[in-house]
Each structure stands twice: as C-alpha cells, then as structure tokens.
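Structure first, commentary second.
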Amino acid sequence: MFATFLLLLWSHAPAPALSLPPRPPVRCSDGGTTGCVLSNAYGAWSSDRADCPVSSVAYPASEQEVVAAVARASASGARVKVVSGFAHTIPKLACPGGGNGTTTTLLISTARLAGVEVDVAARTVTADAGAPLRAVIDAAEASGLSLTAAPYWEGVSVAGLVSTGSHGSSWWGRGGAVHDHVVGLRLVVTAGEADGWARVLTLRRGDELFPAALVSLGLLGVVSKITLSLEPRFKRSITFDYRNDSTFQDDFAAHAASHEFADITWYPSQHTAVYRIDDRAPANAPGDGVNDFIGFQATPIAVTAGLRVVETSLERSKNMKGKCAMAAAEGVAKRLVGNGLKNNGLLFTGYPVVGYQGKMQTSGSCARSSAADLLSACGWDPRFHGLFFYESTAIFSPARFRDFILDVKRLRDLAGSDSLCGVDVYNGLLVRFVKASAAHLGQPEDSVVVDFNYYRASDSAAPRLSQDVWEEVEQLAFVKHGARPHWAKNRLVAFAGVRGKYPRWGQFAAAKRQLDPRGLFDSPWSDEVVGGVELAKGDGCALDGRCVCSEDRHCSPEQGYYCRPGLVFTDARVCRYSGSQNQ
Ligand SMILES: Cc1cc2nc3c(=O)[nH]c(=O)nc-3n(C[C@H](O)[C@H](O)[C@H](O)COP(=O)(O)OP(=O)(O)OC[C@H]3O[C@@H](n4cnc5c(N)ncnc54)[C@H](O)[C@@H]3O)c2cc1C
C-alpha cells in the first residue's frame, strides 16, 4: 500500500512550479567539445546500455556551420551522426562509430540550431532542425495558426521527431504522423572535394529524394531546416470515455473514423478500454483548457524513486498481486484528475475539456522545468533512479490489429489477467492512428500504432515478472502479425526482418547510396536497427531484448527462467519461470 500512498501523494500534490530540467544528452569531461559521451533521455539505449563515446562534438548555430561540420567529417572520412538537444530516441541510432575503427568520430548536435519563423500568408512554419517542438507550436499559435499533428510528448526537436516518423493520432486529413505535414526541408549531405566536401539540398513535395529525406533516421545527412504546413488556429474538445474492453477490437476503426484525434488506451488486466473522444470545437466554444498529461508532469524525485523501489521489490518477490494493486491505484488516481486535462489551466473539473490545439495535442511540462528547484523532475530522469521501462511500439495493418488483440485476450485467459498488470502500471496499451505516408520509411498503409511500456530491470541480466507474457506479446505483434517497429522505440529484437516490412526500403537504400556513398553516416548501432538481422546470441541475451531465446542459456536457468514455447503463439520462444528445467 506504500505505492498507493505515493501515487495519491503524487496525483494530489500541486504541480511544482519549478523543477529540474532534463540533463543535456552530451557531456564532455573537459566541459568543451572533446572527450564527450552521448546518452539518451533514459540513460540507457535499447541495443546496449553503454554511453556512446565521441571524439568531438560540433554545435552549429546556423546552416552554414552545419555545412562546415559535415564538410569536416567528409574531408577527413570521419564517421558522423546528428543528435538533437533532447536525444529521446531509445535505439542507439545517433551514436557515431564503426568504419575501420581507427577513424575519429564527430557528433553534430542541433541544440543551438533552434530558430522558428512563421509565414502567415503561406500558412507554414519553417524551423531550424533543433527547434523544440514546443517552440514551433507556440510560434504558430501566436500567429493565429495551429500545427495539426504532433507527438504527445513535447520534449523533442522538430528534425529529430520527423526523422524517426513520430506521430500523434489521426486517420483524418493528412493523418497523425508529423512528416506527412512537411512541405519542404533542407538537407546537408557529404560531397567531393570539388564541391567543398558538403552541399545543401532543398527538397519539396514532388522532388524525387523528398520521400527518402522525410523519415531518414539521420542516415542520409543532416536536416538543417524543415517547413511544415499549418491551419488556422482551432480548438478541441476532449472526453475520456471508460468502457468494458469486450468490443474494442471490432469498433476501433469506427472510433477513429468518427473522431479526428481519437485514440484508445487499453488496460488489459482491468478489462477496460478508455476511448478518447476528441474533435475540433467551434472557435467560440467556451474553455481555455490544457492537456498536462500526468505522466509528463514534473514529479517529486522522492516519489518516483520510491515507486521504483516498490516496483523492484514486487518484481524480486514475484508479487503479481502487488503489481496489480499498484496498477489499480494508478488507474484511480489518473481517472480522478482526468489524466492531467485541466479545464481552466489549473484543475480538472469535468468533461469535456475544451482548449486550443496548441495546448491540447502535446504536453510535457516536466521538460520545461527550470533548474531552480532541486526536488522534482521528469519521472524517468536517470539521475534520480526513478522510473525505468521498456517502450515497445508496434505498427499494424488494421486487419492484423484485430487478430493481435484477440490473441492477447486469449493469452490473458491462459496466463491470467494478473500477468498483464505490469503494463497497466505504465499507461496500458495506447492505440493510435496514422495514415499511409509518402515517406519511404513511413507507413505504407493506414495503420494502427500500439505503444506499451513495462518495467526494465536495472541489471540487464535480471529476469522480469511475467517476462514470458511480454515476450509473447512482442512476438505476437512483430512476428505473427507482422507489425512494423516504431524507429525511435523498441527493444532490438523488434527490428528483426524490418527491411521486408517497409515495401519502399529499396528506394530508401538507393537514396542512401546516392547521398552518402561512403557510408559516413552509418554506424554498427544504426546497422543493428535498420539491418534487421539476427545478432549472435550470447548467454542471457533474451532478458534485455537482444534476442529471441532458442536455448535455455539465452534466458537465466540459474534463476529458474527457461526458454519455452508461447502459450497462444506456439512458435514464440519466451523466457518462462519454471522453478525447474523439466517443468
Ligand atoms: C517520453 C517520450 C514520449 C514520446 N512520445 C512519442 C509520441 O507520442 N509519438 C511518437 O511517435 N514518438 C514519441 N516518442 C519518440 C520521440 O518522438 C522520438 O524518439 C524522437 O525522434 C525524439 O526526437 P529527438 O529530438 O530527441 O531526436 P534524437 O533522439 O536526437 O534523434 C532521433 C533520430 O533522428 C536523427 N536526427 C536528429 N536530428 C536530425 C537532423 N537534424 N537531421 C537528420 N537526422 C536527425 C538522429 O540521428 C536519430 O537517428 C516519445 C519519446 C519519449 C522519450
């Protein structure tokens, strides 16, 4: 009940006015630009957990300086990558390295490349690559315009989010993925000596290379500027409708068709699906609401550290009931506060909550924290040993999504509802919608995106409670039902066979050969993701999602976890706790 206490304390505490902002992802021993390491926002990547060492870092403040940095790498043959000032991506895509191993590496940070310009007449915004999403949204709204699509989390850069295919939720208009609202961009690529070792490409919708450059994972060059289309400023009205989960595999498409910004959060252990009824409201509709999603608010460090201690002890003692109590308490707290929706900007007083698009689509007040208060931070800030979790995101063809849900329900019947409580501690399964995209590495069809987060052990060799169930869900999604992995999330195992899942992979690869013929923007870590090939299997490799087990040693026989077939998907291989090898 300690967890319940902490949760209620958290949900009823007034939002701290000041709290610690996330730390910069690049840290250098000399305080300068050499001897540096890059880490992501969670302090651990999905491929391996080690920080990424880089020989030197460039902080261009203009496109000209980006060109100079790319030219420097190009002239010397250095391996190079680009990262934003946020580094919120979980796979180690932004870590430079490889080649012959003797070359130096260069990391280009866009942290100081952050200008934003709105063209009211053209209804567009042009942002420098590193501009924070929040700055882009606020500039548009201040000019009487709105950005239609954006991820739910605002602590990202405009080029970083576009480059990984990040999205909100909509099957209407151009849809929920931000890259489908890009009308043009500028890309700095390597060149030969005669061209000064680097050049700038201006790409617009209709240009041959545009679909490759939209979602490029930083593999083609450095995006310096992005232009997005805007709409006249508008309001939205949001209601969360709690329902039994018995029919949602059959009515999700109708829900997405009926509501422009629909989503569904499924809490499988609680047999509950929360439908987000989310539509445009008339400009004169009363309300100046804010979506300040509770999971993205600054949280007292003592609370998140306490929650982590509780969760780890429940994991170690295999206390499923305790996890379920934790999930239930969180559910009650979230429902009480409308998940962080605030009718008047301060408090949740009831549905619907009406507010301007700029305050309703995207939230993340913990990312806007000031450094003055040392007591609160984003819940996952690695400096404070708070929440630490896997984020899996599977993108389905709608027909396969229905079968996936039915399979997970069968798994729930066989393994027991309690075995699914772990995901309900972390917001359940969030179901969102994106449309077919022009981007080669975007979605080839209107798709259903499912995010699910769950406990990640601090020790990569430690098995987790219901490890087998979440491995089976993962393999149901990515293997049986052919889901495509979100490029910015997931454990490495989700990327197996990824090239075959993107029908225009060949066209992207051709653009890559044309724009980066020497492979300077490659690295062993980005190869692990886009290569989609199975890696060598070491002892315990299945525990942290680096492999699917095929032998017991890939699990942890010494701790009673053996490689076993799935319960519903019998081709799946999962690490199951059995107590003894023969069970
Ligand atoms: C708490 C949280 C919530 C999230 N919510 C959502 C969500 O609602 N929807 C969603 O779809 N995703 C979501 N994400 C994922 C997030 O949107 C992506 O990880 C996004 O790419 C992060 O942007 P960034 O600026 O941190 O990019 P980085 O992590 O710095 O970079 C991401 C990739 O883009 C490349 N890149 C960065 N800048 C450039 C550039 N200028 N030119 C070329 N390539 C570049 C990098 O090399 C790297 O491959 C969430 C992540 C977190 C941690």
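The values are calculated or read from the model by the stated rules, or taken from the named source; none is laboratory data. Keep in mind it's a predicted model, so treat the numbers as computed, not measured. Note that we place each Cβ from the backbone using ideal geometry, even for glycine, and neighbour counts take in every protein chain shown. Side chains included, ligands, DNA and RNA excluded: accessible areas come from the protein's heavy atoms. Shrake-Rupley method; radii C 1.70, N 1.55, O 1.52, S 1.80 Å.
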- Query: What trypsin sites (Lys or Arg not before Pro) does region 289-396 have in DSSP loop regions with at most 15 other beta carbons within 10 Å?
  - Reply: K318
- Once label points are set 7 Å from the Cα along Cα→Cβ at both L406 and R280, what is their separation, rounded to one decimal in nm? 3.7
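How much mean residue ellipticity at 222 nm does the chain get from its helices, if each DSSP H run of length 4 or more adds -39500 (n - 2.57) and you divide by all residues, to the nearest 500 deg cm²/dmol?
Details: 15 runs with 148 residues, N = 583.
Computed mean residue ellipticity for the chain: -7500 deg cm²/dmol.
I90: net charge of surrounding residues, Cβ under 10 Å, Lys/Arg +1, Asp/Glu -1, itself excluded? Mind showing how you got there, number by number?
On the way: positive: K92, K489, R491; negative: E391.
Around I90, the surrounding residues sum to +2.
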- Message: I'm a student and want to see the number: the projected area of the Cα convex hull of region 169-225, averaged over all directions, in nm².
- Response: 4.5
- Item | Charge dipole magnitude, Cβ of K and R +1, D and E -1 - the chain, Cα centre, debye nearest 20 | 80
- Note on the structure: Output row, site S258, 7 Å Cα→C-beta label point, backbone N cut-off 15 Å, window region 143-162, residues none
- Pop a pseudo-label 7 angstrom from the Cα along the beta-carbon direction at both D446 and L535 and give the gap in nm to one decimal. 3.8
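Ignoring ligands, DNA and RNA, what percent of the 1.4 Å accessible area of region 116-233 is carbon and sulfur?
Values: 1890 of 3800 Å².
The value for region 116-233 is 50 percent carbon and sulfur by accessible area.
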- Query: By average Cβ neighbour count within 10 Å, what is the ranking of 349-358, 532-541, 460-469 from highest down?
  - Reply: 460-469, 349-358, 532-541
- Note on the structure: Of 64-74, 219-229, ordering from highest average Cβ density within 10 Å down gives 219-229, 64-74
- For region 432-541, report the accessible area per residue in Å² (1.4 Å probe, heavy atoms, rounded to an integer). 32
- Query: Considering only protein heavy atoms, what per residue accessible area in square angstrom results for region 26-146 with a 1.4 angstrom probe?
  - Reply: 36
- Task: Please work out the FRET efficiency for the pair D413 and T202, using the Cβ-Cβ distance as r and a Förster radius of 60 Å; give the result to the nearest 0.05.
- Result: 0.60
- Message: Can you give the FRET efficiency to the nearest 0.05 for S29 and S143, using r as the Cβ-Cβ distance and R₀ = 41 Å?
- Response: 0.45
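Give me the percent relative contact order of region 116-233, please, defined on Cα pairs under 8 angstrom at least 6 residues apart. Let's see the in-between values first.
On the way: 238 pairs, mean separation 37.6, N = 118.
About 32 percent, as a whole number.
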- Message: What percentages make up the Cα-Cα pair-distance distribution of the chain when the bins are 10 Å wide from 0?
- Response: 3, 17, 29, 29, 17, 5, 0, 0
- Task: Enter the per residue convex hull volume of region 116-233, computed from alpha-carbon coordinates, in Å³ rounded to the nearest integer.
- Result: 104
